[in-house]
1. Take residue 5 and tell me if it is more than 10 Å from the ligand (Cβ to nearest atom), within 25 Å of residue 190 (Cβ to Cβ) and either in contact with a strand residue (DSSP E or B) (Cβ under 9 Å, 6 or more places away or on another chain) or open to solvent by less than 30 Å² (accessible area, probe 1.4 Å) (or both).
2. Run residue 222 past the list (1) within 16 Å of the ligand (Cβ to nearest atom); (2) in contact (Cβ under 8 Å) with a residue 60 or more places away in the chain and report the number of the one that doesn't hold.
3. Just to be sure before I move on: is residue 162 among the β-branched types (Val, Ile, Thr) and buried (at least 21 other Cβ atoms within 10 Å of the Cβ) in the structure I sent?
4. Starting from segment 98-113, keep only residues that are among the basic types (Lys, Arg), then list their pairs with residues that are more than 8 Å from the ligand (Cβ to nearest atom) and open to solvent by 30 Å² or more (accessible area, probe 1.4 Å) whose Cβ atoms are within a distance under 8 Å, requiring at least 6 positions of separation or different chains.
5. So how many residues does segment 170-195 have that are surrounded by 14 or more Cβ atoms within 10 Å (Cβ to Cβ), of a type in the set (A, V, I, L, M), within 16 Å of the ligand (Cβ to nearest atom) and under 22 Å from residue 34 (Cα atoms)?
6. Do you know which residues across segment 215-230 are open to solvent by less than 30 Å² (accessible area, probe 1.4 Å) and within 16 Å of the chain's Cα centre (by Cα)?
7. For segment 52-71, which residues satisfy the criterion of being more than 13 Å from the ligand (Cβ to nearest atom), in contact with a strand residue (DSSP E or B) (Cβ under 8 Å, 6 or more places away or on another chain) and not in a loop (DSSP other than H, G, I, E, B)?
8. List the number of the failed condition for residue 140; all other conditions in (1) modelled with pLDDT of 95 or more; (2) farther than 17 Å from residue 72 by Cα hold.
Amino acid sequence: MNRKSNSEVRDIWNTNAAFWDKRMGEGNDFHRLLVEPNQLEMLDIKKGDSILDIACGNGQFTRKMTQAGAHVTAIDLSDEFIKIARAKPLADKINYQVIDVTDTTDLNKLKGNIFDAVVCTMALFDIENIEPLIGFLPKILKTNGKFVFSLLHPCFNSGEYTLVYERNDTGGTINDNYYVKISNYLKSQTLKGIGMVGQPIAQHYFHRPLSEYFKIFFKSGFYLIDLKEPSFKDIEPKSVYNNVFKNIPPAIICSFKLIK
Ligand SMILES: C[S@@+](CC[C@H](N)C(=O)[O-])C[C@H]1O[C@@H](n2cnc3c(N)ncnc32)[C@H](O)[C@@H]1O
């Protein structure tokens with residue numbers, strides 16, 4: 001990746017870190033309802049498991065895994081996020097490091113570790129080039145080790161998409177209809193967007209179709225063993241977002257196994 005644009009990515013996350021931390025806390029609704037239970041189920045953490053948390057942000061999921069008994073190494077490109085995470089509970093049990101996973105020199109700092117599992121929560125689309133990372137993982141993940149990650153669903157909640165709400169009184173009743181409008185799904189591209197309304201500056205998103213993600217994992221020896229598409233179907237909708245994503249999944253959670 002271009003070093004200049006990567007330092008821009010770092011600057012953006014450093015600028016947004018305090019705001020994100022305040023809003024995210026120990027997990028917002030999206031994480032609590034959709035991401036966390038599925039990732040924890042897929043990881044099936046045993047006491048003493050050694051886990052690498054990639055792009056840990058403020059460490060909210062890192063702490064969940066630590067509470068479940070894992071020894072976690074948690075890395076992020078943003079030194080601001082790592083500073084925030086280190087000031088939170090359980091920091092003495094967690095190995096936090098500033099590491100840019102697009103940089104092979106940085107990745108090599110992880111050499112010598114053998115992890116039972118690797119996790120990446122809602123962040124692969126924030127990373128411009130994931131090929132160095134995925135190619136490197138077989139060096140530090142045990143055979144049959146899992147790589148569990150969540151994404152904004154590339155088919156419905158990523159790239160060029162618009163949420164649509166329509167109301168009509170056809171047939172003499174009020175009908176509310178919710179859709180997602182998608183264009184250019186197959187085009188891998190960099191877009192700017194807002195992860196949390198009110199954040200100081202827009203961030204980059206690196207949209208890729210699912211086939212592109214999977215191609216990169218398959219090439220490095222990863223086999224898909226589980227996939228979930230959770231939605232807000234079981235909650236009382238509070239927003240257009242919740243309504244759109246009642247029967248359309250806003251996230252996808254995958255578990256890949258490394259076969260060497
Ligand atoms: C949406 S946040 C997710 C944070 C955390 N995993 C969570 O779910 O709360 C995305 C994170 O990706 C990190 N990130 C972006 N590019 C990165 C890179 N090249 N290497 C490591 N981390 C990166 C950002 O600094 C940010 O903390």
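1. On the way: more than 10 Å from the ligand (Cβ to nearest atom): yes; within 25 Å of residue 190 (Cβ to Cβ): yes; either in contact with a strand residue (DSSP E or B) (Cβ under 9 Å, 6 or more places away or on another chain) or open to solvent by less than 30 Å² (accessible area, probe 1.4 Å) (or both): yes.
Answer is yes for this residue.
2. (1)
3. Values: among the β-branched types (Val, Ile, Thr): yes; buried (at least 21 other Cβ atoms within 10 Å of the Cβ): no.
Answer is no for this residue.
4. Qualifying pairs under 8 Å: 109/97; 111/139.
5. 0
6. 217, 230
7. Passing the criteria: 66, 71.
8. Condition (2) is where residue 140 drops out.
The values are calculated or read from the model by the stated rules, or taken from the named source; none is laboratory data. Remember, predicted model here, so these are calculated numbers, not experimental data. Every residue, glycine among them, receives a Cβ derived from its backbone with ideal geometry; neighbour counts consider all protein chains shown. These area figures cover heavy atoms from the full protein model, side chains too; ligands, DNA and RNA do not enter into them. Shrake-Rupley method; radii C 1.70, N 1.55, O 1.52, S 1.80 Å.
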